[in-house]
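The values are calculated or read from the model by the stated rules, or taken from the named source; none is laboratory data. These figures come from a predicted structure and were not determined experimentally. Cβ placement follows ideal geometry from the backbone for every residue including glycine, while neighbour counts extend to all protein chains displayed.
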Amino acid sequence: MEEALQTKISRLSVRAGGVSSSPARGSNRRGEKVIEKILVLCAAIFILAIFLITIFIFAKGLPLITKIGIGDFLFNTQWSPTKGIFGIGSMFIGSVLITLGALIWTVPLGLSTAILMAEIAPPKIGTILGNLVNLLAGIPSVVYGFIGLIVVVPFIRNNLGGNGMSLLAGAIILGIMILPTLINISRDSILAVPHEYKEGSLALGATHFQTISKVIVPAAKSGIITAIVLGMGRAIGETMAVVMVTGNSPIIPGSILEPVRTMTSNIVLEMGYASGDHQTALFATGMVLFVFIVVLNLSINLFAKGGQRSGSN
């Protein structure tokens, strides 16, 4: 009798506990549904904003490209809006050259710094370097432009020739600006490599340097290439600092000491007074930049998927 009575009491207590907790569970589920709907709404607004921006840029830029032809617009090196000539070939080449010039010296430096922070330096030193890199990323671009005008441009003018405002000055300033992106993403990719890779390499008799160069860096290749592509996108879309140090001449530079004008600089310099076909040509230039950045992002995603498939195999 006592055991049966205890069993009934325990069952009643369990039922009572379930009844008392059911309202709380219901309120939690309602709260989760509300949060889920808010998140879905935010994502929808984000997608809608991108869609509207795309429509706006293409609606403004396509009429001129349709009028003069995509080949004439992209490959003609003469830009003379007063004569109705709209060719961004020299500015497209200038954007590519200044971006490549920045990557030539920042990729080795950024990758070396990332390896130092992740694999060689003590943890405290690595943390200090990481904070300094983050501080470098937070400096406004106009400040980099001032530094270029005060330090880089006079140095080039006094030691290498020319007036100082040149492709070289733009590549130096852009390289400094994209270093944080290269360093941070490369460092995170190196730190994400499983420790078993390093331990196995050292156990087989490889030195620390051999392990870094032959095991860790190849394993982090996908993230390093992503950092390079993102840095390239940042460089080709930069405006203010480039306007201040490159001279802004719409010509194809014959050397790194000659001035150059990028596509973003052209938009900033002329949008304030442009009208008619001139304004439409500037929107078309923005459309070319937009397509270029989209292609870069798609290439990152495709490369990441390819790396994951090869890793899984």
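Looking at the stretch 130-143, can you tell me whether even one residue there is buried (at least 17 other Cβ atoms within 10 Å of the Cβ), of a type outside the set (Gly, Ala, Ser) and either in contact with a strand residue (DSSP E or B) (Cβ under 8 Å, 6 or more places away or on another chain) or modelled with pLDDT of 90 or more (or both)?
no
Any residue in the stretch 15-33 that is modelled with pLDDT of 90 or more and in a helix (DSSP H, G or I)?
As a first pass, look at the stretch 15-33 and keep what is modelled with pLDDT of 90 or more: none.
There is no residue in the stretch 15-33 that is modelled with pLDDT of 90 or more and in a helix (DSSP H, G or I).
If the requirement is being at pLDDT 85 or above, on the phi < 0 side of the Ramachandran plot, outside any helix (DSSP H, G or I) and β-branched (Val, Ile, Thr), which of these qualifies: 77, 113?
Numbers: 113 fails: outside any helix (DSSP H, G or I).
After applying the criteria, what remains is 77.
Across the stretch 144-176, what is the number of residues that are exposed (fewer than 12 other Cβ atoms within 10 Å of the Cβ) and on the phi > 0 side of the Ramachandran plot?
Summing the residues that are exposed (fewer than 12 other Cβ atoms within 10 Å of the Cβ) and on the phi > 0 side of the Ramachandran plot in the stretch 144-176 gives 1.
Quick check on the stretch 88-129: of everything there that is without any contact (Cβ under 8 Å) to a residue 60 or more places away in the chain and among the polar types (S, T, N, Q), which residue is farthest from residue 215 (Cα to Cα)?
The qualifying residue farthest from residue 215 (Cα to Cα) is 127.
At pLDDT 65 or above, within 28 Å of residue 235 (Cβ to Cβ) and either surrounded by 10 or more Cβ atoms within 10 Å (Cβ to Cβ) or touching a Gly at 6+ places or on another chain (Cβ under 7 Å) (or both): is that true of residue 48 in this structure? Even if it seems obvious, please write down each step before you answer.
Working: at pLDDT 65 or above: yes; within 28 Å of residue 235 (Cβ to Cβ): no; either surrounded by 10 or more Cβ atoms within 10 Å (Cβ to Cβ) or touching a Gly at 6+ places or on another chain (Cβ under 7 Å) (or both): yes.
No; evaluated as a whole, the condition is false for this residue.
Quick check on my filter: what residues within the stretch 106-129 are among the polar types (S, T, N, Q) and loosely packed, with under 14 Cβ neighbours inside 10 Å? Spell out how you get there, then give the answer.
First pass over the stretch 106-129, keeping only residues among the polar types (S, T, N, Q): 106, 112-113, 127.
Across the stretch 106-129, the qualifying residues are 112, 127.
Residues that are at pLDDT below 90, aromatic (Phe, Trp, Tyr) and either surrounded by fewer than 22 Cβ atoms within 10 Å (Cβ to Cβ) or on the phi < 0 side of the Ramachandran plot (or both): does the stretch 195-208 have at least one?
yes
What about residue 103, is it crowded, with 17+ Cβ neighbours inside 10 Å and more than 18 Å from residue 251 (Cβ to Cβ)? Steps first, please.
Values: crowded, with 17+ Cβ neighbours inside 10 Å: yes; more than 18 Å from residue 251 (Cβ to Cβ): yes.
Yes.
Hey, any hits in the stretch 85-105 for a residue that's at positive phi and of a type outside the set (Ser, Thr, Tyr)?
In the first step, residues of the stretch 85-105 are kept if they are at positive phi; the result is none.
Scanning the stretch 85-105, I find no residue that is at positive phi and of a type outside the set (Ser, Thr, Tyr), so the answer is no.
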